Structure formats: C-alpha cells, structure tokens
Amino acid sequence: MSILVVGSVAFDSLETPSGKRERVLGGAATHFALAASFFTDVRVVGVVGEDFLPEYELVLTSKGVDTTGIERAPGKSFHWTGSYVKDLNEADTLATDLNVFAEFSPKIPESYKDSEYLFLANIDPVLQAQVRAQMPNAKMVAGDTMNYWISAHRENLLKVLRELDVLVINDKEVRMLSGETNALVAARKVLELGPKSLVVKYGEHGSAAYFSKDSFSDGETRKLFRAPATPQEEVVDPTGAGDSFAGGFYGYIASQGKLTPEVFRTAMFYGCVLGSLSVEEFGTARLQRTTRAEIEERFQHLKEISHL
Ligand code: AMP
C-alpha cells in the first residue's frame, strides 16, 4: 500500500534550550515521509529550490521514499525559522519564507496515481485541495495544518476539512479552529467541520482520537481513545514531532490496508513512538538512524506502561 504525501520540504533554522542549528533539513512532508517509510511505500509531492543538494534528497531516497514528485524550481527552498526557547511545547515562529512554495502548482506524477492513501501534510490549504482533486480514487485521506493557515487562510482550510477521513492536529490548533477551550467540546466542533475522525496531539501528554458515527464502516460505538506518550528525559528539538507522529500513525494504517478500530488505536501508539524518537536530536537526524527493531521495542514499552 502506498501513501502519497504533499507538504513542505524545507530548511529549518532552529533554536531550542539544547542549542541552535541553521538550515537543517526539515519540512512537514520530510518528517512525515521518514516516519511513514518504516511501515510502507511513501511518495512525496512538493517543491524545492536550487539549494536542495543531492545529499538532502538522499536522506529520503535512502529510506526508500519516492521523490519523483519533488519538483525543482529556480530560487530558494521553503525556509522556516522557529524557537522553542520560551516553551519546549510550542514553536515560536520567527520567520516563514515560502520561497518556491509561493508559486507552486502541484502536479501528480503518473506513477503516483495509484496511491490509495493520501496525506495532506502541513502546507497552504489551496495546495492541499489541488492535490486532493487530482487523486479522486484515494481510499483514505488524512491531513494536518497549523496556526499559520488556521488564522489567515481559514476559508480555504474549511474546504479541505470537509474532504478528510482523519484530521491530525495538536491541542492548540483544535482550540484555535473551534474557538472552544474544553477538549471534548472543541473536538466535537472540529468533527462538525467535516473530518470523520480527529486525532489530537497533546505533546508530552500523549494523544487522543475523537470518533464520529462515520469513523468506521463496522459501527464502533467508542467515541474516544487516549494514548500515552513515552516519557522523555531530554527533548533536544521538538520540530517535526507532530509530522513524525502523523507518519507513524498513517504509515501503520496504510500497512494494514483496512481501517478497523483496533488498527486505528494501534496506529496511535506507533504515532507516539515515532514522535518520541524524532525529538531526541535536531532535525531529521534521529529518524535517519532509527531501526524497525527500535520502534518495536518502544512500542512494547508504551504498551507496558499503559495497560492494566
Ligand atoms: P511540527 O511537526 O508541527 O513540529 O512541524 C514542523 C515542520 O513544519 C518544520 O520542519 C517546518 O519546516 C514546517 N513548517 C513550519 N511552518 C510551516 C508552514 N506554515 N507551512 C508548512 N510547513 C511549515
């Protein structure tokens, strides 16, 4: 089963309590693709500039990720500057330079068209919608977004939400999108905007899934599922934790080929595992050297600390 992901492929300049890094490989689609590559085939749609040297592409292709759909354009790649110095749980965006993404019009390569699983990672909702429209036969569509798009591009985002089987966002984004502070009320209001299921990431406090009557075809009655996070002594760089969660979550679902309540719940645990690994080093470094055995070990640990 293949996942097609569209989203930012970027360079990130980061500052955290552990230090500073300039222009490391990042982007929502990059983190997502690396995490999902442990479970299934991943194909990326995005755009990069002339500064995207072969060594960066190799980070993805060496994990088997298909980069045919990453277009090269004159100019610079997307560049995000963020700081976690004030609060490790919340990125403070210092600059968002869209660069080549400002003029991007996604085209799906012919070889990607049979992808059954579509993931609309964090990027302009107009681009998410364009990709969705070019993949009418996708069996499942999930997506992400962030405050930048929720506040200034809300109308476009609302159109994308109506198309989603699963929306994967963090708790602050849920509050911003719904205008509500109570977690249950906020989740209900977001589900009313269209996604059949909602996965909310609570950072170090784990994640929760909120289900609607349309979440599963075989009539699950459970409306809520909570998964823990692996306790971490040190968080070096939280950038990409959310995308890595989404990659682990969706990669596992695609690898199973069928969305049952049990697959969904197990996928939440794999999401936690990939998210927790990604924060241990700057940028993509930790996922680049992760093994499937290590993922399984952490998955078992997560089960042990959360089951009666
Ligand atoms: P997260 O998983 O939420 O920490 O996402 C971090 C990634 O999102 C970084 O690698 C950034 O390059 C990327 N990013 C930051 N702002 C935006 C934006 N406005 N649109 C798309 N991607 C972004």
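Only one of L127, L157, L164, L118 is aliphatic (A, V, I, L, M), buried (at least 20 other Cβ atoms within 10 Å of the Cβ) and without any contact (Cβ under 8 Å) to a residue 40 or more places away in the chain; which?
Just a single option satisfies the conditions, and that option is L157.
How about the range 270-301: which of its residues are part of a helix (DSSP H, G or I) and surrounded by 22 or more Cβ atoms within 10 Å (Cβ to Cβ)?
The answer is Y270, G271, C272, V273, L274, G275, S276, L277, S278, L287.
Tell me yes or no: at least one residue of the range 138-147 is in a helix (DSSP H, G or I), within 28 Å of V273 (Cα to Cα), at pLDDT below 95 and within 16 Å of the ligand (Cβ to nearest atom).
yes
Pull out all pairs, ordered by first then second residue, where Cβ-Cβ is under 6 Å, the residues are six or more apart or on different chains, the first lies in the range 239-258 and is in contact (Cβ under 8 Å) with a residue 12 or more places away in the chain, and the second is within 12 Å of the ligand (Cβ to nearest atom) and among the aromatic types (F, W, Y).
D243/F32; A246/F32; G247/F32
Does the range 32-54 contain any residue that is modelled with pLDDT under 95, outside any helix (DSSP H, G or I) and surrounded by 15 or more Cβ atoms within 10 Å (Cβ to Cβ)?
No, there is no match, as no residue in the range 32-54 is modelled with pLDDT under 95, outside any helix (DSSP H, G or I) and surrounded by 15 or more Cβ atoms within 10 Å (Cβ to Cβ).
Residue check: is V59 within 16 Å of the ligand (Cβ to nearest atom), in contact (Cβ under 8 Å) with a residue 60 or more places away in the chain and more than 19 Å from the chain's Cα centre (by Cα)?
It is false that V59 is within 16 Å of the ligand (Cβ to nearest atom), in contact (Cβ under 8 Å) with a residue 60 or more places away in the chain and more than 19 Å from the chain's Cα centre (by Cα).
Limited to the range 71-102, what total is found for residues that are in contact with a Gly (Cβ under 8 Å, 6 or more places away or on another chain), surrounded by fewer than 20 Cβ atoms within 10 Å (Cβ to Cβ) and not in a loop (DSSP other than H, G, I, E, B)?
The number of residues fulfilling the criteria is 5.
Of all residues in the range 2-35 being near the ligand (Cβ under 8 Å from one of its atoms) and among the aliphatic types (A, V, I, L, M), which is farthest from G248 (Cα to Cα)?
Selected residue: A10.
Going by what's in this entry, would K107 be described as touching a Gly at 6+ places or on another chain (Cβ under 9 Å) and away from the ligand (no atom under 16 Å from the Cβ)?
Criteria met by K107.
Among the listed residues A121, A152, which satisfies the condition of being within 27 Å of D237 (Cα to Cα), of a type in the set (A, V, I, L, M, F, W, C) and within 18 Å of the chain's Cα centre (by Cα)?
Answer to the selection: A121.
Pick from S207, S215, S255: which is under 21 Å from the mean Cα position of the chain (by Cα) and within 16 Å of the ligand (Cβ to nearest atom)?
Only one candidate qualifies: S207.
Being at pLDDT 95 or above and within 16 Å of the ligand (Cβ to nearest atom) is the requirement here; does V190 meet it?
For V190, the condition - at pLDDT 95 or above and within 16 Å of the ligand (Cβ to nearest atom) - is not met.
The values are calculated or read from the model by the stated rules, or taken from the named source; none is laboratory data. Everything quoted here is computed from the prediction, not taken from an experiment. Glycine gets a Cβ as well: all are built from the backbone with ideal geometry, and neighbour counts include every protein chain shown.
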